[in-house]
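Please treat every number below as a calculation from the coordinates, not as lab data. Quick caveat: nothing in here was measured; it's all calculated off a predicted structure. Positions of Cβ are backbone-derived with ideal geometry, glycine not excepted, and every protein chain shown enters the neighbour counts.
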Amino acid sequence: MHFNLLRITLILSTIPIQTKISTLKIPTKISNFFSKSKEKIFHNEFTHISNIELTNLYGNISVETWKQPCIMIEQRKNGTVEFMKNSNMITNVDGQTLTAHSHIQNNYRGNFNIRILLPEHISLKLKTGHGCITINGHNGPIDLVTNHGNISIINGNNTVIAQTMHGAIMVQRKVIKDDHCLNLQSDYGNITLMIPQELESELEAHTVNGKIISDLFVTLQSQTVQLNEQTFKNMRQHVQGWIGQYQCKENSPTILMKTHNGIISILPYSNKKFKK
């Protein structure tokens, strides 16, 4: 009896047990089973367009210029199977105006990330619900709104209106033409403006619960005040004057910046990528 038991034990000990493959594959299969996420990429081209009005509820928008005469919109759609089936981008062309908005049914989980390639002088009006907006090298007028997301604008020379509820705004601008304006507003976020010292512009900046700092010289509008704590606080939170030297011109460019809870910073222009 003891001899047979010993013999069975020796036989079992010689059988190879392969556990390496199963332990590696099981977690991957479980992860894929529960996520069920998909990704699809769509491209649309449009011609003879001078204005774009685009709303993206869930996802980022990035804009770049190119030498082609047409506009290309790339939609990168990510989400669950239900999201892929029940969401789409609706576009319409009326004359020279292209309107587009993302349509999502029943709040399925997912997002659109949109990339736009376009000629440099197209007029842009972009809005996101939850997403960032990035624009590089565009010379047309820009009107941007986002509820939850950052706004970054690199170079260009036209009027910019940018507003975010919860996010930061960063603008790198080497040129601001006469009669053009930068109007930047953030409720809960910092505003950073990077411009060269030789750029001359009217300046008005306000923050409620933050401060205003500038590494560039600012000529303040003259006023008569008492030198007390309230005056010093107002100077940190309210600035009105000129970037550089005062220029008495009727059509001078204007910079307006306002934040409720955030810091307003005016820094020297740099071609280097801005670090958040």
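Some observations on this one:
- Highest-first packing order for the peptide set 214-221, 58-65 is 58-65, 214-221, based on the mean count of other beta carbon atoms within 10 Å.
- Packing-based exposure ordering (other Cβ within 10 Å, fewest first) of 42, 83: 42, 83
- Remark on residue 182: its backbone amide H falls under 5 Å from those of 160, 254, 255, 256, a criterion applied only to residues 5 or more positions apart or on other chains, H modelled at 1.01 Å from N.
- Percentage, to the nearest whole number, of Cα pairs in the range 98-215 over 22 Å apart: 38
- Value of D in µm² per second that Stokes-Einstein yields for the range 141-202, Kirkwood Rh from Cα pairs, at 20 °C (1.002 mPa s): 181
- Remark: the range 59-67, residue by residue, has Karplus-estimated 3J(HN,Hα) of x, 8, 10, 10, 10, 9, 9, 8, 8 Hz, where x stands for each Gly or Pro and the curve is 6.51 cos²θ - 1.76 cosθ + 1.60 at θ = phi - 60°.
- Listed residue pairs exceeding 18 Å between alpha carbons, taken from 38/77; 38/85; 67/127: 67/127
- Whole-percent P(r), the range 183-231, all Cα pairs, 5 Å bins from 0: 4, 12, 25, 23, 20, 12, 4.
- Convex hull per residue volume in Å³, alpha carbons only, for the range 52-127: 84
- Ascending count of other beta-carbon atoms within 10 Å, so fewest first, for 50, 152: 50, 152
- By other beta-carbon atoms within 10 Å, ranking 41, 153, 71 with the fewest at the front produces 41, 71, 153.
- Karplus-derived HN-Hα couplings along the range 146-152 (A = 6.51, B = -1.76, C = 1.60, θ = phi - 60°), whole Hz, x at Gly and Pro: 9, 7, 10, x, 8, 10, 10
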